[in-house]
Structure formats: C-alpha cells, structure tokens
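This report concerns only the one structure given below.
What follows draws every value from the coordinates through simple rules; no lab data is involved. If you're wondering where the values come from, they're calculated on a predicted model, not measured in any experiment. Please note: Cβ atoms are built from the backbone with ideal geometry, for glycine as well, and neighbour counts cover all protein chains shown.
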Amino acid sequence: MAPVETQEQTARTGAWRRFSEMTRDVQRGFIAEWTVTIILLLFATTTLVQAFVIPSASMESSLLIGDHVLVDKLTFAPSGPASKHLLPYREVRRGDVIVFRYPIDISQDYVKRAIGVPGDRIRLVNKQLMLNGHLVNEPYVQHVTPYMDSYRDNFPASPGSSLPPSAVDMLQNHVTDGEVVVPPGFVFAMGDNRDDSLDSRYWGFVPRQNIVGTPVVIYWSFEAPTQDLTNPNIGIDHIVDVIAHFFTKTRWKRTFMLIRGYPLQ
C-alpha cells in the first residue's frame, strides 16, 4: 500500500491538473467565442451571417423588442465530408437559442429556445419544465401572468381552443404517458417569456431543416414598437423616430452583448 503522504501528493497533483485543464478550457472557450464574433462582424456575408431584428416579446428578457442581432448561419449548417473536420458544425443542443423558418409560414423567421431534441420527453407542470422525467432549472424564463392556463402551463393538457394540424398531429401521435416525445429530425422550441410566446406548444415541432442558425451578438438595440419592426415597408414615422431619438432610445448597455445558450440537462 502506498504511504499516506504519497497518496495525498498524488491527489493534490491530480486536482491541480484537473483545475489547470478546466481553466485552459474556459480560456479557450472565451477566446473562441469572441474570435468567431469578431470574424462574423468583419467578414460577414449572407452565407455565413445574417442580421435580424427581434419584433416580439416572446424571448424577453433574454432578447428585447428592437434588439438587432447577428445570426451565425454556419454552426448548424449541414457538414460535408471534408468541411466537418475544419469548420465548427454541430447539432442543436438543448438550451440553444435558434432562429428558424416558422413551420406554418416559412416566409417568417422566428427566434426561440430549443428545449427538446430527438428522443426527449417534455411536459409542463404548473409552468415548470419537466425534461426526461425531472424538473429543470430555467433561470432565463420569465412569467408575466399571475393566472394559470390549463394547456399553456400544464402542457400537453387538452387544449381549450382549436390548433393547427401540425400541433394536432403532435398531440395525437407524439404523446406518451402525458409527455410529448420529440421525433427524429425535429426540435421542440419555446420562448423565454413563457406566458406570452407562440411556440411549439401551439404549432408543433420545428423541422431540423427549418433552422437557420443561432444569434451570437446584439449589435444594436433600439426601443421601437412591434408594428414598426414587422412592417415589410419601413414607414417614414419609424425612420423619423430613429433619427430623432437615436441617442435616447438606443439601449447602449446592450450593444455588442453576446447571446449564449443555457445547457439543459
């Protein structure tokens, strides 16, 4: 048997080695995150990055109405036989913030948080998320209504109103023992503003091929009403508002704020 002193020294050496490796991983992750952001800002093209504006409150308080974000279109892109070894392709993870083409109308782009990936079991109990049989801590979620809605807050309870066919299919064919089971090739997404979000609870799963990318940075944030941001033709009133109130309505503290996912287990 090794002497006690040798065992303690070995333990200390191992602990120090693990701490050093963890520190290096954190440093590498921080450097890589900012490197990708700077590259996107400097050399962006529509094939790599795209600018979006947040028009609704469904992701508050993570993303506010009027946040202008850059979306990385590379991370979730399908990889080729050679490029997968050179470029940072990966699959969607639980907790990622994703931009995708709205399944009901692919001309619209939505931003939500990926809650479930293929095989995951999902339900809500009194507004709390249960993922694969256990309650999940979601520090990014906010609840703005004091009342309970039986379907919204105890999903997938029986809906109180009609739903589109995609949501009906989800409830009829993908619910087992009171839990929604995410099928292969799809993602279940919800907004962080959980009481005020039109999401997978109401229109079903997000097809994997609909996912455009993930927002990485807020490059400008301006207080503006939803109707100004959803108008396909920018109105003169909005232009005048930006010119007249650029300095007072710009949320300067949000400029160049990084957008991160939150790992869900």
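Can you tell me the length gained on complete extension of the stretch F256 to T226, counting 0.36 nm per residue apart and subtracting the Cα distance?
8.6 nm
Length gain on complete extension for the stretch I104 to V242, per 0.36 nm per residue less the alpha carbon to alpha carbon distance?
46.5 nm
In the neighborhood of G95, defined by Cβ-to-Cβ distances under 14 Å, what is the net charge if each Lys or Arg adds +1 and each Asp or Glu adds -1?
Spelling it out: positives minus negatives among the neighbours equals +1.
Where a ≥ b ≥ c are the square roots of the eigenvalues of the C-alpha gyration tensor, would you call segment 205-265 rounded, which needs a/c under 1.5, or, failing that, prolate if a/b is larger than b/c, or oblate?
oblate
First measure r as the distance between the Cβ atoms of D177 and R90, then evaluate 1/(1 + (r/R0)^6) with R0 = 25 Å and state the FRET efficiency to the nearest 0.05.
Result of the calculation: an efficiency of 0.20.
Between the alpha-carbon centers of segment 135-173 and segment 175-253, tell me the distance in whole angstrom.
18 Å
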